[in-house]
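J.: Here it is, the structure, as structure tokens.
The values are calculated or read from the model by the stated rules, or taken from the named source; none is laboratory data. What you see is a predicted model; the values in this text were computed from it and never measured. Every residue, glycine as well, gets a Cβ built from its backbone with ideal geometry; the counts of neighbours run over all protein chains shown. Surface accessibility is based on the protein's heavy atoms, side chains included, excluding ligands, DNA and RNA. Shrake-Rupley method; radii C 1.70, N 1.55, O 1.52, S 1.80 Å.
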Amino acid sequence: MSHKAGFVNIIGNPNVGKSTLMNAFVGEKLSIITSKAQTTRHRILGIVNGDDFQVVLSDTPGIIKPAYELQESMMDFVKSAFEDADVLLYMVEIGEKELKDEAFFKKITSSETPVLLLLNKIDTSNQEQLEEQVQLWAEKVPNAEIFPISALEGFNVQEVFNRIIELLPESPAFYPKDQLTDKPERFFINETIREKILLHYKKEIPYAVEIETEEFLEEENIIRIRAVIMVERDTQKGIIIGHKGAALKRVGMEARRDLEAFFGKQIHLETYVKVNKNWRSNQNQLRRFGYNQR
Ligand SMILES: Nc1nc2c(ncn2[C@@H]2O[C@H](COP(=O)(O)OP(=O)(O)OP(=O)(O)O)[C@@H](O)[C@H]2O)c(=O)[nH]1
Ligand SMILES: [Mg+2]
């Protein structure tokens, strides 16, 4: 029996629905999702296994013009996703005009790798608008096959998956067939907490936050976790904690609930806040948090 396998990398502007799509393919919440831009900071693998195929999806950060070191590292993840793709999924959303970075856009339009252009969020559009958008993208990216989809509602997602399988090269699997991702448990803990911070804090706060799980102790009936929430400045620390600690308490409660669902076990979660001055611009700190591969 022949076997197909390859790397299928999702790229596009921030907030278009890349992570929503990857989770839909994998059937697990591997990537956090919020309505804020720059939710995803890493390249996260989501692996879909079948008897005769293995699709190694990559979720990547939304493409931006980097303003500080962390964002530069995020764009390095995007670059790496261009390099090893067997199929590129270029995601745009209804109403969007173009990629914020011209160099990346050129890479897509001149790509020798097959490109599927996924026009997402069509649940928010009407037929007329949809036709106009398909026309527009067909002109802008003539080398792509266009699929109108709704990652949120699952519309056309299976059709895209079927096309991916057709395009994949014959190859043995790259990862064990029971593996779902390349990231360790601690990564998902950090991300779950960061998602709550993206949801509950405004402006610059979520972007100044990094999470580190310092302790992960799995016992028979419970997992004990201690995580530190790092911010860049003292004032941010106060905001995270909130009046009488209420804001931080809410983050902890909501994260614990999600983690219990993720691990299928009771969770004891302890969080505290620490200032790690200007970590976003510090190469060593970035490397420590798994951003800087250089
Ligand atoms: N209406 C609608 N909303 C969607 C759809 N797909 C995603 N969304 C919403 O769009 C927002 C962004 O989704 P994400 O999956 O986090 O987007 P992303 O491209 O991964 O964003 P970054 O990681 O910030 O680059 C969330 O509020 C999603 O619920 C869709 O098909 N229809
Ligand atoms: Mg994302």
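J.: Taking N as the number of residues in the range 168-278, what is its Cα Rg relative to 2.2 N^0.38 Å?
T.: After normalising by residue count via 2.2 N^0.38 Å, the value is 1.25.
J.: Here is a follow-up. Express the relative contact order of the range 62-208 as a whole percentage, based on alpha carbon pairs under 8 Å and six or more residues apart in sequence.
T.: 18 percent
J.: What number, in percent, do you get for the relative contact order of the chain if the mean sequence gap of Cα pairs under 8 Å and at least 6 apart is divided by its residue count?
T.: Reported as a whole number, the value is 18 percent.
J.: Contact order normalised by length for the range 210-284, with contacts defined as Cα pairs under 8 Å and 6 or more residues apart; what percent is it?
T.: The normalised contact order for the range 210-284 reaches 39 percent.
J.: Excluding residues fewer than 8 places away in the same chain, name every one of the aspartates and glutamates whose C-alpha is closer than 18 Å to that of residue 106.
T.: List returned: 76, 83, 84, 86, 96, 98, 139, 145.
J.: Here is a further query. So what's the back-of-envelope 222 nm ellipticity for the chain, counting only DSSP H runs of four-plus at -39500 (n - 2.57) apiece and dividing by all residues, rounded to 500?
T.: Value at 222 nm, helices only, nearest 500: -11000 deg cm²/dmol.
J.: Kindly identify the range 120-173 as rounded, prolate or oblate by the Cα gyration tensor criterion: order the square roots of the eigenvalues as a ≥ b ≥ c, call it rounded if a/c is under 1.5, otherwise compare a/b with b/c, prolate if a/b is larger, else oblate.
T.: The shape class here is oblate.
J.: Need the list of lysines near residue 274 for cross-linking: C-alpha distance under 28 angstrom, and skip anything on the same chain fewer than eight residues off.
T.: Partners found: 29, 36, 183, 196, 202, 203, 237, 244, 249, 265.
J.: Counting only protein heavy atoms and a 1.4 Å probe, tell me what percentage of the chain's accessible area is made up of carbon and sulfur.
T.: 49 percent
J.: Same structure, new question: Where in the chain are the DSSP H helices whose C-alpha atoms run 18 Å or more along the long axis and whose mean Kyte hydropathy is at least -1.0?
T.: Span-like helices here: 69-83, 185-200, 246-263.
J.: OK, next. Once phi is turned into ³J(HN,Hα) by the Karplus curve 6.51 cos²θ - 1.76 cosθ + 1.60 with θ = phi - 60°, what whole-Hz value does each residue of the range 169-183 show in order, with x for glycine and proline?
T.: Couplings: x, 6, 6, x, 5, 8, 10, x, 5, 9, 8, 9, 7, 9, 9 Hz.
J.: Please list 268, 200, 243 from largest to smallest accessible area, probe radius 1.4 Å, with all protein chains kept in place.
T.: 243, 268, 200
J.: Further question on the same structure: With unit charges on the beta carbons (Lys and Arg positive, Asp and Glu negative) and the dipole taken about the Cα centre of the range 137-254, which residue among 248, 205, 238 sits farthest to the positive side?
T.: With unit charges placed on the Cβ atoms, the residue in question is 238.
J.: Once the convex hull of the C-alpha atoms of the chain is built, how many Å³ does it hold per residue, rounded to a whole number?
T.: Cα-based convex hull of the chain, divided per residue, equals 139 Å³.
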